[in-house]
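Okay, so here's the structure we're looking at.
The values are calculated or read from the model by the stated rules, or taken from the named source; none is laboratory data. This structure is a prediction, so every number in the text was calculated from the model and none was measured. Using ideal geometry, Cβ is built from the backbone for each residue, glycine included, and neighbour counts are taken over all protein chains shown. The area values use the complete protein model at the heavy-atom level, side chains included, leaving out ligands, DNA and RNA. Shrake-Rupley method; radii C 1.70, N 1.55, O 1.52, S 1.80 Å.
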Amino acid sequence: MSKHITQTLTAVALAAFSFSALAAEPIKIGVSGPFTGGSSSMGVSMRDGVRLAADEINKAGGVLGRQLLLVERDDEAKNERGVQIAQELINKEKVAATVGYINTGVALASQRFYQEAKIPVMNNVATGSLITQQFANQPENYIFRNAAHDSIQAPMIVEEAIARRGYKKVAILADSTNYGQLGRADLEKALDLKGVKAVTVEKFNIKDVDMTAQLLKAKEAGAEAILTYAIGPELAQIANGMTKLGWKVPMIGSWTLSMANFIDNAGPGGEGARMPQTFIQEPTTPKRQSFIINYLKTFNPKNARIDSPVSAAQGYDSIYLLAAAIKQAGGTEGPKVKAALEDLKAPVEGVVTTYNKPFTKTDHEAITANIPVFGEVKGQRVVYAYEADFKKASEVRVKDVNAKGALSQKK
């Protein structure tokens, strides 16, 4: 064979290889959450749910013939760290999209960089009502969510305390973060709609270990229940503080009362706490059963209990939603993926729900008020609070834009 022909064939082979390598280049997805610190039971569970979904998708051939490559970063639940990570994932890693955000404050500080870069963000845990509305007044909004926002949860908490259980006097205890204070405001709005005013509204900081002063004010005001907006470690301090005072009233709060570091640190004092949940670790559908089995087998959590089942399930679903959008868009260009998310043609079967047209151009919330149910801490795990919900759990609750109960959100 002549040298010229050999060189030509080599060049063709190299070009073909380069083309195939380019075609098979992985799709980078950012994963930002707190994998250390007080929020880590949510962050790690979310990350592991994301890993599970990505692994399943990759084993099935990937998306558009390309593998998903997760680029994971620990934001430590710190706003400034979240901002650094967002810039790194956008500018250095060139991610096609990012999932995550556990903490409302981190989301609000960080996601503006994705908005500017026209890269979709799928908030899969953070629930602050403002998150998807942050850029709603702009022509294009790149911020999506598949978690039950606080405008859904707050009225549920109030309905449980006032209407279902008949308490007349409630206290609010909320942490000083964006999450706690935005949630506290939503609780007060929901109470106001019932013609009720909290007997006391108390605040505390992350890492506070003594809630005696706040609890004494609630006790002296005659509180019959405590409504909470905080995360696991501080919620456990509320339960433990009540135990020390010899005063026990029900805790009814946001979904974070299901966190392992509340349940484990509160011990018997946490029993009976109730909270809205989009997912409870029960094999109530084949999809949920498969997810639970695979999660426990892959990650082997303590006591066969997912640390934060809601975070894991929503993390898992967020990847399938993005994968469906990328497939429909035929590529990873941000504007096209965003447009696909806003008009998904095929339903996406998830763990939380089956997502049938979950988003539109003006509605970036996949979860409506009819989807969450109440969970209760019982025997060191979260179970269905109401037998009726458990009996109907095999019937998948799907998005209903006309569902009643949520506070109206500013557009």
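Can you name the condition, by its number, that Pro139 falls short on among (1) in a loop (DSSP other than H, G, I, E, B); (2) without any contact (Cβ under 8 Å) to a residue 60 or more places away in the chain; (3) open to solvent by less than 20 Å² (accessible area, probe 1.4 Å)?
(3)
Could you list all residues from region 73-113 that are farther than 15 Å from Val125 by Cα, buried (at least 20 other Cβ atoms within 10 Å of the Cβ) and of a type in the set (Val, Ile, Thr)?
Result: Ile85, Val95.
I'd like to verify a number: residues in region 21-57 that are modelled with pLDDT of 95 or more, over 19 Å from Val310 (Cα atoms) and open to solvent by 30 Å² or more (accessible area, probe 1.4 Å), how many?
Number of matching residues: 5.
From the list Lys336, Lys411, Lys399, Lys404, exactly one residue is closer than 28 Å to Asn137 by Cβ, over 21 Å from the mean Cα position of the chain (by Cα) and either modelled with pLDDT of 95 or more or of a type in the set (Ser, Thr, Tyr) (or both). Which is it?
The unique qualifying residue is Lys336.
Quickly run through region 184-236 and pick out the residues that are among the basic types (Lys, Arg), in a helix (DSSP H, G or I) and under 26 Å from the mean Cα position of the chain (by Cα).
Residues satisfying the conditions are Arg184, Lys189.
Pick out the one residue from Gln153, Gln181 that is part of a helix (DSSP H, G or I), more than 18 Å from Ala239 (Cβ to Cβ), open to solvent by 40 Å² or more (accessible area, probe 1.4 Å) and in contact with a strand residue (DSSP E or B) (Cβ under 7 Å, 6 or more places away or on another chain).
Numbers: Gln153 fails: open to solvent by 40 Å² or more (accessible area, probe 1.4 Å).
Unique residue meeting the criteria: Gln181.
Filter region 361-408 for residues that are open to solvent by less than 60 Å² (accessible area, probe 1.4 Å) and of a type in the set (Ser, Thr, Tyr); which is farthest from Ile319 (Cα to Cα)?
Selected residue: Tyr386.
Kindly indicate which of Ile306, Ile326 is crowded, with 19+ Cβ neighbours inside 10 Å and part of a helix (DSSP H, G or I).
Working: Ile306 fails: part of a helix (DSSP H, G or I).
Of Ile306, Ile326, the one residue that is crowded, with 19+ Cβ neighbours inside 10 Å and part of a helix (DSSP H, G or I) is Ile326.
Regarding Ala174, is this residue in contact with a Lys or Arg (Cβ under 7 Å, 6 or more places away or on another chain), aliphatic (A, V, I, L, M) and either in a loop (DSSP other than H, G, I, E, B) or open to solvent by 30 Å² or more (accessible area, probe 1.4 Å) (or both)?
Numbers: in contact with a Lys or Arg (Cβ under 7 Å, 6 or more places away or on another chain): yes; aliphatic (A, V, I, L, M): yes; either in a loop (DSSP other than H, G, I, E, B) or open to solvent by 30 Å² or more (accessible area, probe 1.4 Å) (or both): no.
Answer is no for this residue.
Just the residues that are farther than 19 Å from Leu216 by Cβ and of a type in the set (Val, Ile, Thr), please, taken from region 172-200.
Across region 172-200, the qualifying residues are Thr177, Val196.
Of Ala60, Ala109, Ala86, which residue is of a type in the set (Gly, Ala, Ser), without any contact (Cβ under 8 Å) to a residue 24 or more places away in the chain and at negative phi?
Ala60
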